[in-house]
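To keep things clear, I will list the structure first and then write my remarks on it.
Nothing in this text is a laboratory measurement; each read-out follows from the coordinates by a stated rule. From a predicted model like this one, the values you see are computed outputs, not experimental measurements. Here the Cβ positions follow ideal geometry from the backbone for every residue, glycine too, while neighbour counts run over all protein chains shown.
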Amino acid sequence: MGKSIDELLQQELEAARAGTHQRQKGEEKRLLALKQQKLKKAEQTRLMRVAAVDARFEEQKREVEDEFNRERSIVQDRLAHELMERQKRSSKGLEDMNAVRAMTRRYRQTRGADPGMATKAASKRDIKGTAQAVPLRQGDVEEDFETMMELASTINPSVEVSFMEIDFRGRDRQRPVDAVPPKRPLDGASGKRQRRGDFDMKGKARAEVSGARITVWYEEEHGGRKMDVPYVGVVNSCDPREGLYVKFEGFPEEMLITNEDDWRWGSHSRKPPEGSGRR
């Protein structure tokens, strides 16, 4: 005979306790499918949120890089402008000093000569045949210095020209300028000496001057304080009476260095102390 109801119930109870009941297996299968579905949905949500965070990160990264590049460009432009202005001021100062020196040289070359003949070259025969030159008068010197002061102020209004101001008494303006006799050498001193107006080569022979490096100090004002600024250049040529013609680094024009300038042979970043040698 078939199994009784009690036996069937006992078997189902044992299967339920063992976890092998058909209903339990079906429910576990359903719950496992639901679990897989929820895990898949959670993974999709995670990926979406990670993508949103990455997109926000890239956006903020681009904003920071754009701001950095903009600030760097502003700093570079401001620095370049300041350097260009400094170079212009330095170049303008050198041009003004050179113009004043050139004007002084022209005055020295033409003083005492007829203005109409100042630019006309004369041969030795013409010089010998001409009459005696008109002596330079003190009034002429005063007028010439006043003209030089006006020209210097026109070239550079900030240049100090008060040292060029001279004044003669009215009765002395027609008197000729007294010639200064040359000094005699001291006893025992060498008869060979530097002529007045010759340029001091500071120990170098004329053959060694061309191509030599030179440092010239010019007084400039920075931050309200005056200081000697060094400029390094190369000697292109020299004139034993005028001086050295120098091409400075960073400047297109050629400058004339005379005995009035403060200079040394070689490249120097600092000014040597006084009495440390002239080379």
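Just a few scattered comments:
- Residue that is nearest to the chain's Cα centre (by Cα) [pool: residues in the range 248-265 that are within 21 Å of Arg89 (Cα to Cα) and loosely packed, with under 13 Cβ neighbours inside 10 Å]: Gly250
- Any pair with Cβ under 7 angstrom, 6 or more apart, that starts in the range 3-14 at a residue that is closer than 19 Å to Lys25 by Cβ and ends at one that is part of a helix (DSSP H, G or I) and of a type in the set (S, T, N, Q): none
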